[in-house]
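Some notes on the structure that comes next.
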Amino acid sequence: MRSFGDVLDKNNGVGPGFDFARVFLALSVLLWHVLLMSRGNYEPLISTPAWIYNYSILPMFFGLSGFLVAGSAQRNSLTVFAVNRGIRIFPALIVEIALSALILGPIFTAYPLTEYFTHPTLYVYFLNMIALVNFKLPGVFLNNPGGQVVNGSLWTVPFEFLCYFVMAFIIVKKIINKPKALLITAFAVMFLATVAQALAHMLPQSFYVEKILNAYIHSGKGPALLPCFLLGAAAFSLRYKIPMDWRLFAGSLLVVLLAGIFFEPASWENTFLVVIFAPVLIYIVCYVGLLQIPRLPYFSKGDYSYGIYLYGFPIQQALVASSEYFKNSWLLLIASVITTVAFASFSWHCIEKPILGQRKKVTAWFTGWKAKEQPASSAA
C-alpha cells in the first residue's frame, strides 16, 4: 500500500492537494465568521454537530503547517529556516495591521480624527506586529453585532511564532528526523499546555499577565495548537509509515462526526481532548493535501490562503459597519468572499510574492553576515 511519503516522492515532494487544503481552511474561517459578524454569535450551526467543523479548522491548519514546515526544517539550516519563515510571515502581517490602523480605522471610527490619531489604543494596536495581541482601535465598530474587535484572527499569531521558535529548537537539537523524539516533544508540550491552561486563573492580574494570557491561552483553544503543529511535523517524519488509505480517511471523518454528536463545544476547550483527536484531524487534512486535486482556476495564480486569513475578519466587520444589508448572512458571505479574495490577491502579488522572490538574496546576506561574525566570536 502506498504511503504519504510515496505520494510525495511521486510528486517531487509537493502534495498536489495542499493548495486546495489551505484555501479551503482559510475560506472555512471566513464562512464561520460570517455568523459572528452578522448575528453576534455562531447560531444556529454551533448548536448542531456542525460545531466540530468550526473547532477543527485551526488544529488542522496548524497540523498541516507542521507537516509542511517540517520538510523545510529537514532541508535547511537554522539560519535559512528562520529567514524563510520571517519573510513569509512578517511582510503581509505588517501591511495588514498598518492598513487596518491607518486606513480602515479612520474611515469607521466614531471619534474625531484628531482624537483617533492621538489615542493610545491606536499605537498599542501596532504591537500586533510583534505578537502582542490587541483587538481594538479607538472608536471603531462600536455598534457591530460581532463587537469592537477589528481582527479577531490575529489571536493565532503568537502561536504561529511559538511554533517556529520550537521548530528552531528542534533543528538545533537535531531531532527533526527523529519521529519518536518529535512525538515525545509534542506530548510533553501538551502536558505543559494543559497545566498552564488549568493554572492560568491563579496568576496575579496585571497588564502584562493579561497580554500573555490573551496571547497564549485565549478561551482555552490556544494551548492545543502547538501540540497539533508538532504532531503534524512528526507525521512528516513518519510519512513512509503512514498509509494513504481511503478507508482510514473515511474512518477519520466518521470519528470527527461522532465527536460532534457526542461532545459539546465547551469540551473542545480542553487541550488534552483536542490533542487526543489531533492525529485524526491531521490525517484528514494531509490525506486531502496528497490527493490529485486540480488547482482552482483563479487560485492557481498564487497562494492566497494567508491573505484570506489575515483580511477576512476586518473586511467582514467593515462591510457590516457600512450597511445594514450586510447583517444578512448570505449577502455578507458573498460580499466578503469576493472582497477578501481580492485583498488576498493584492497581498500575494504586491507584497508576499515579490518579497519571497528576494528570499535567496536575503538568505545569502544573513548567511554571509553570520560567517563574518563567526571568527570574531571565536576569537573572543
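Cα-based values for segment 12-167, radius of gyration first and Dmax second, are 18.2, 56 Å. The residue among Cys350, Asn328, Gln316 whose Cα reaches farthest toward the positive pole of the charge dipole of segment 238-375, with charges on the beta-carbon of Lys, Arg, Asp and Glu, is Cys350.
Residues Val362, Val320, Val80, Val34 in ascending order of nearby Cβ atoms (within 10 Å, fewest first): Val362, Val80, Val320, Val34.
Please report, ordered by residue number, every helix of the chain (full DSSP H runs) that is 15 Å or longer along its axis going by C-alpha atoms and whose mean Kyte-Doolittle hydropathy reaches 0.5.
Values: long enough: 18-39 (32 Å, 1.41); 51-75 (38 Å, 0.73); 78-99 (32 Å, 1.56); 157-172 (23 Å, 2.27); 179-199 (30 Å, 1.71); 225-237 (18 Å, 1.99); 246-262 (24 Å, 2.01); 271-289 (26 Å, 2.46); 305-322 (25 Å, 0.68); 329-347 (26 Å, 1.81); 359-379 (31 Å, -0.94).
Correct list, ordered by number: 18-39, 51-75, 78-99, 157-172, 179-199, 225-237, 246-262, 271-289, 305-322, 329-347.
Of all the options Ala101, Ala250, Ala259, the one that moves most in a Gaussian network model of the chain with Cα springs shorter than 10 angstrom is Ala250.
Where the centre of each part is set by its Cα atoms, how far does segment 100-159 sit from segment 24-70, in angstrom? So the two Cα centres are separated by 23 Å.
Taking Glu96, Glu352, Glu324 as the candidate residues, the one with maximal mean-square fluctuation in a Gaussian network model of the chain, Cα springs under 10 Å, is Glu324. Placing unit charges on the Cβ atoms of the charged side chains and taking the dipole of the chain about its Cα centre, the candidate lying farthest along the positive direction among Leu183, Gly146, Ile103 is Leu183.
Using the Stokes-Einstein relation with a Kirkwood hydrodynamic radius computed over Cα pairs, the translational diffusion coefficient of segment 55-99 at 10 °C and a viscosity of 1.306 mPa s comes to 132 µm²/s.
With 10 angstrom as the radius, rank His33, His349 by how many other C-beta atoms surround their C-beta, starting from the fewest. Walk me through the numbers on the way to the answer.
Working: His33 23, His349 14.
The most exposed by this proxy come first: His349, His33.
Using Cβ point charges alone (K and R +1, D and E -1), the dipole size of segment 4-369 about the Cα centre works out to roughly 1140 debye.
The numbers here are math on the coordinates, done by the rules we state, and not lab data. Treat the numbers as computed from the prediction; the structure is a model and nothing was measured. Every residue, glycine among them, receives a Cβ derived from its backbone with ideal geometry; neighbour counts consider all protein chains shown.
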